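Colleague: Below is one structure. I have some questions about it.
The values are calculated or read from the model by the stated rules, or taken from the named source; none is laboratory data. These numbers were taken from a predicted model, which means no experiment stands behind them. Cβ placement follows ideal geometry from the backbone for every residue including glycine, while neighbour counts extend to all protein chains displayed. Heavy atoms of the whole protein, side chains included, go into the accessibility calculation; ligands, DNA and RNA do not. Shrake-Rupley method; radii C 1.70, N 1.55, O 1.52, S 1.80 Å.
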Amino acid sequence: MEKINPNNVNFSSITDEENTDLKKRIFNTIQKDKRRNRNVWYKSLAAACFIGCIGLGFYYYNMTSETNSITDFVNSSAIDGNTPTSDEVVLTLGKGNDLKIKEDVAAINYSKSGKNVTIGNGQTFNQNIADSDKAVFNTLWVPYGKRSTLTLSDGSKVWLNSGSKLIYPIAFNEDKREVYIEGEAIFEVTHNKKKPFYVISDTQVVEVLGTVFGVTNYPDENSTNTILKSGSVQISYQNIKATSAHSDKMKISPGTKASYDKNTKSIVSEKVDVDNYFSWKDGFLIFKNNEMKFIMKRISRYYNVEIIIENEELATETFSGYLDLNEDMLSVINSIKESTNMEYLQTDNTITIK
């Protein structure tokens, strides 16, 4: 094809009619290009909005999932460091108000909806729920020297021992029931096949449908113990702060204690006399070939007194017996003293065993 040199074109030879027609065609071409560019821009904007909506949807879903996860609530509470410093039982409503309960054995009961809470013999209050679809978690703190009983919204009962913490939703609106325990508790779970009950700690998850069992998980002890009195439970060992994946599952039968060693990560189970592990809720302790340091740690928590054993040989000696915790602390200590040659010195809130 022959190339046209613009310099050789004679524009003066174009008629007025041709000039007008040429202008119209040029104008129409420009308008088509503008409309094409505008359509491309609109389509790009629509695509961006669609992607943005999807992103917001995932964000909202994730935020909702995190809000409804008890493990996320536990971890966020630990980061916040909002542990009450009180000698009384404290009920924390969500992450907000703290209610102090003066009774030595505090009884707390929730209505079926979870909105109404009764403390002791008559103090009742309503816990407002702004969004019923969003889980609201309460925390029950039981200091050393105190105990507590709790009836959850599903009718399940919990006995909390001294130095324990329980986190739970005020109502179980999901397809499962989850609570978190630190310390020691006995659970009597209401049967509901459609909503299995999970007791979570930092190292394990106990799954039940309806049964009676106990969990001991104190931060200053090297093991987590699960003692089954009736029914059946399955235990999954994990670290909730590191992963949500379960591993090393174990199913135990009544009269069995499963122990997880936090240091060696090993798991053992053995047949035990369950009453020895449940007796504290009735006000007494039963020991069978337990070391003195273990016994004194239990007494220390129950009476909220520091006990120091200076005699290392005595600390590892084993003892068996029955202690009535309805007696005062010195009576209990003297009962132990009668079965050994120990001596002790009391100063303020400390007992030193020599």
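Colleague: For a quick check of your reading: which strands (runs of 3 or more DSSP E) sit entirely within the stretch 89-176 and have at least 3 residues that are among the aliphatic types (A, V, I, L, M) and open to solvent by less than 60 Å² (accessible area, probe 1.4 Å)? Even if it seems obvious, please write down each step before you answer.
Modeller: Details: elements: 89-93, 98-101, 105-110, 116-119, 123-126, 137-142, 147-151, 157-160, 164-169.
Ranges flagged: 89-93, 105-110.
Colleague: Within the stretch 185-285, considering only strands (runs of 3 or more DSSP E) that don't extend past its boundaries, which have at least 2 residues that are farther than 30 Å from Y303 by Cβ and either touching a helix residue (DSSP H, G or I) at 6+ places or on another chain (Cβ under 6 Å) or of a type in the set (A, V, I, L, M, F, W, C) (or both)? Let's see the steps before the verdict.
Modeller: Numbers: elements: 197-200, 204-208, 212-217, 223-230, 233-237, 247-252, 256-261, 267-271.
Fully inside the stretch 185-285 and qualifying: 204-208, 233-237, 247-252, 267-271.
Colleague: Going through F278, F213 one at a time, which residue ends up being within 21 Å of the chain's Cα centre (by Cα) and open to solvent by less than 60 Å² (accessible area, probe 1.4 Å)? Walk me through how you get there before you give the answer.
Modeller: Working: F278 fails: within 21 Å of the chain's Cα centre (by Cα).
Going through F278, F213 in turn, the sole match is F213.
Colleague: Condition test on I170, is it closer than 17 Å to S111 by Cβ and in contact (Cβ under 8 Å) with a residue 60 or more places away in the chain? If you could, list the steps in order and put the result at the bottom.
Modeller: Details: closer than 17 Å to S111 by Cβ: yes; in contact (Cβ under 8 Å) with a residue 60 or more places away in the chain: yes.
So I170 fits the description; yes.
Colleague: Next question, about the same structure. If the Cβ limit is 7 Å and pairs must be 6+ apart or interchain, which residue in the stretch 260-271 that is under 12 Å from T226 (Cα atoms) and among the β-branched types (V, I, T) pairs with which residue that is open to solvent by 50 Å² or more (accessible area, probe 1.4 Å) and at pLDDT below 90?
Modeller: Within 7 Å, the pairs are I267/D248.
Colleague: Tell me which residues, restricted to the stretch 156-169, are among the β-branched types (V, I, T) and more than 13 Å from the chain's Cα centre (by Cα).
Modeller: Taking the stretch 156-169 and keeping what is among the β-branched types (V, I, T), we get 158, 167.
Listed by number, the list holds a single entry, V158.
Colleague: Quick check, is S300 in a helix (DSSP H, G or I), of a type outside the set (A, V, I, L, M) and in contact with a strand residue (DSSP E or B) (Cβ under 6 Å, 6 or more places away or on another chain)?
Modeller: On the way: in a helix (DSSP H, G or I): yes; of a type outside the set (A, V, I, L, M): yes; in contact with a strand residue (DSSP E or B) (Cβ under 6 Å, 6 or more places away or on another chain): yes.
Here the answer is yes, as S300 does meet what is asked.
Colleague: Among the listed residues K193, K271, K265, K297, which satisfies the condition of being open to solvent by 10 Å² or more (accessible area, probe 1.4 Å), in contact with a Ser or Thr (Cβ under 8 Å, 6 or more places away or on another chain) and among the charged types (D, E, K, R)?
Modeller: Values: K193 fails: in contact with a Ser or Thr (Cβ under 8 Å, 6 or more places away or on another chain); K265 fails: in contact with a Ser or Thr (Cβ under 8 Å, 6 or more places away or on another chain); K297 fails: in contact with a Ser or Thr (Cβ under 8 Å, 6 or more places away or on another chain).
Unique residue meeting the criteria: K271.
Colleague: Continuing with the same structure: Check D33 against each of (1) in a helix (DSSP H, G or I); (2) at pLDDT 90 or above and name the one condition it does not meet.
Modeller: Single failed check for D33: (2).
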